[in-house]
Each structure stands twice: as structure tokens, then as C-alpha cells.
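Each remark here refers to the structure printed beneath this line.
The values are calculated or read from the model by the stated rules, or taken from the named source; none is laboratory data. Computed from a predicted structure; not experimentally measured. FYI the Cβ positions are ideal-geometry reconstructions off the backbone, even for glycines, and counts take in every protein chain you see.
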Amino acid sequence: MLIGPQLDRARDWIEAQQVAVLTVPSLSRIRSPVLTGRKISHLVVDIDYFGGVWEIFDELRRIRNTLPEVAVVLVSHDFSQDDFRCDRLAIYDAALRAPYSLASMEFGLTEAGNVNNPIWQRRLRELQENERNMIAQGNALDTPTIQR
């Protein structure tokens with residue numbers, strides 16, 4: 001799935017790989033890993049189209065938390081370089097500096113989907129499990145004991 005006008009070249013290249021591409025106008029339409037009958041594996045977002053990452057930060061966080069299996073790749077002229085590290089997995093799996101090369105796009109999609117996104121999913125599961133354990137412990141402490 002692609003969002004933003006500077007991704008036309010990526011769309012053409014991805015379609016040439018015999019992969020279906022769906023273009024949507026906004027992040028708010030993404031509420032399910034299946035959209036119009038197609039399973040979403042990757043979301044590529046031209047953040048310049050939205051005015052920068054801070055303009056869509058809340059929507060990106062919502063997508064990362066509710067659809068952790070969707071690999072997120074951001075594209076922007078504001079990035080100083082491509083970023084495939086795991087430092088910002090709460091927001092994205094990979095970031096590409098525009099203008100991007102098709103080799104960078106290919107590497108970014110692969111790294112995001114095969115390496116970073118599984119790490120994000122594991123971290124999110126661990127965080128949710130820790131939260132459940134803390135709630136359970138808190139409830140156990142709040143339960144009054146009956147003395148006889």
C-alpha cells in the first residue's frame with residue numbers, strides 16, 4: 001500500500017515485480033490488515049505529502065499498535081539518510097531519504113518486512129504481556145484478604 005505522490009516510481013517498480021499495489025489517500029482509512037479484499041503486507045508513506053512526520057505521528061502509532069504485522073516504510077526529503085535500524089520501531093520499520101533509488105526501495109521493503117517488523121511484533125507482544133502481568137499483580141494486591 002502506498003500513500004503520497006512521490007511514490008509513483010516505486011508503484012511502477014513494485015507492479016513490475018507482479019505485486020499488487022493499492023494507493024489510498026490517507027492513513028485514517030487503514031483500519032484492518034485487509035483492505036478492499038487485499039491483505040496489506042507493507043505500507044509506504046510519503047510523509048512530505050502530509051507535511052512531516054509530526055502531522056501523522058498519532059496515525060502511525062495507531063497503525064503500529066493495531067496492525068503490527070504491516071511493515072511501515074517512510075519516505076521523506078527531510079531524512080539525512082536511509083535508516084534500517086531498529087531504533088524507531090514504534091513508528092516505522094525503515095525510512096528512505098527522497099529521492100530514493102529503486103535499490104534502496106527494494107532493500108527497505110525487504111529489511112522492513114523480513115527483519116525489522118518481526119522484531120517490532122516481538123517487542124509489542126512482550127510489552128503487552130508485561131502490562132497484563134502488572135495489571136494482574138496490581139489486582140492481586142488490591143484484593144482484600146478475609147481473616148477468620
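Worth a mention:
- Residues satisfying the stated conditions in the stretch 66-90, i.e. within 12 Å of Leu27 (Cβ to Cβ) and not in a helix (DSSP H, G or I): Leu67, Val70, Val72, Leu74
- Residue satisfying condition, being surrounded by 13 or more Cβ atoms within 10 Å (Cβ to Cβ), small (Gly, Ala, Ser) and under 20 Å from Ala112 (Cα atoms), within set Ala10, Ala20: Ala10
- Just one residue in the set Ile56, Ile47, Ile63 is touching a Ser or Thr at 6+ places or on another chain (Cβ under 7 Å) and crowded, with 19+ Cβ neighbours inside 10 Å; that residue is Ile47.
- Residue in the stretch 3-15 that is within 22 Å of Glu59 (Cα to Cα), among the charged types (D, E, K, R) and either touching a residue at least 60 places away in the same chain (Cβ under 8 Å) or not in a helix (DSSP H, G or I) (or both) present: no
- For Ala20, the conditions (1) at pLDDT below 80; (2) not in a helix (DSSP H, G or I) are fulfilled apart from (1).
- The selection criterion, being in contact with a Leu (Cβ under 6 Å, 6 or more places away or on another chain) and farther than 24 Å from Leu127 by Cα, does not hold for Arg97.
- Test for Ile63: is it touching a helix residue (DSSP H, G or I) at 6+ places or on another chain (Cβ under 6 Å) and assigned to a helix (DSSP H, G or I): no
- Residue among Ile135, Ile119 that is modelled with pLDDT of 95 or more and hydrophobic (A, V, I, L, M, F, W, C): Ile119
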